[in-house]
1. Would you confirm, using the coordinates I've provided, whether ILE79 is at pLDDT 80 or above, closer than 19 Å to VAL22 by Cβ and touching a helix residue (DSSP H, G or I) at 6+ places or on another chain (Cβ under 9 Å)?
2. For residues that are without any contact (Cβ under 8 Å) to a residue 40 or more places away in the chain and closer than 13 Å to VAL80 by Cβ, tally how many sit in the range 25-45.
3. What do you reckon, is PHE42 modelled with pLDDT under 85, surrounded by 10 or more Cβ atoms within 10 Å (Cβ to Cβ) and either out of contact with any Phe, Trp or Tyr (no Cβ under 8 Å at 6 or more places or on another chain) or in a strand (DSSP E or B) (or both)?
4. In this structure, is ILE31 modelled with pLDDT of 85 or more, surrounded by 14 or more Cβ atoms within 10 Å (Cβ to Cβ) and hydrophobic (A, V, I, L, M, F, W, C)?
5. Which one of the conditions (1) surrounded by 11 or more Cβ atoms within 10 Å (Cβ to Cβ); (2) more than 16 Å from the chain's Cα centre (by Cα) does ASP49 fail to meet, given that it meets all the rest?
Amino acid sequence: MPIHKKDRSFQNIVRDTNIDEVPLDYIERLILVLESGDRVIFEGEDMRDIEEPNIVMFVMSAVDELGQDYGSPVRDIEIVIDYTRLEKEIRALTKGLLDKDSNDQSNTSV
């Protein structure tokens, strides 16, 4: 029986996950692609200035405004995730859980 090695890099694990919501803190860049081919990019300060906690609501309002400002409707939305930050925080949380679990088990053994 052949053994199939899977690429389990963090980005591939996240890609295979069904994510319903992405907190704004983990979005590195938001790109709105207009039908004209222009791209409107939100990153850095632009991302920190977004006050709407729901990224979907922000995108919907931005789509309406940009369609009027640029005279071209939005054709596509690209969201670039800050995998480095996400992985760092997931590792810290996982380590905390595993350390807590091993400490709880060692405290209960006689």
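1. On the way: at pLDDT 80 or above: yes; closer than 19 Å to VAL22 by Cβ: yes; touching a helix residue (DSSP H, G or I) at 6+ places or on another chain (Cβ under 9 Å): yes.
It is true that ILE79 is at pLDDT 80 or above, closer than 19 Å to VAL22 by Cβ and touching a helix residue (DSSP H, G or I) at 6+ places or on another chain (Cβ under 9 Å).
2. First pass over the range 25-45, keeping only residues without any contact (Cβ under 8 Å) to a residue 40 or more places away in the chain: 36-45.
Applying the additional criterion that residues be closer than 13 Å to VAL80 by Cβ yields 39, 41-44.
Matching residues across the range 25-45 total 5.
3. So PHE42 fails the test.
4. Against the criterion (modelled with pLDDT of 85 or more, surrounded by 14 or more Cβ atoms within 10 Å (Cβ to Cβ) and hydrophobic (A, V, I, L, M, F, W, C)), ILE31 qualifies.
5. (1)
The values are calculated or read from the model by the stated rules, or taken from the named source; none is laboratory data. Predicted model, so just to flag it, every value in this text is computed and none were measured. Backbone-built Cβ (ideal geometry, glycine too); neighbour counts: all protein chains shown.
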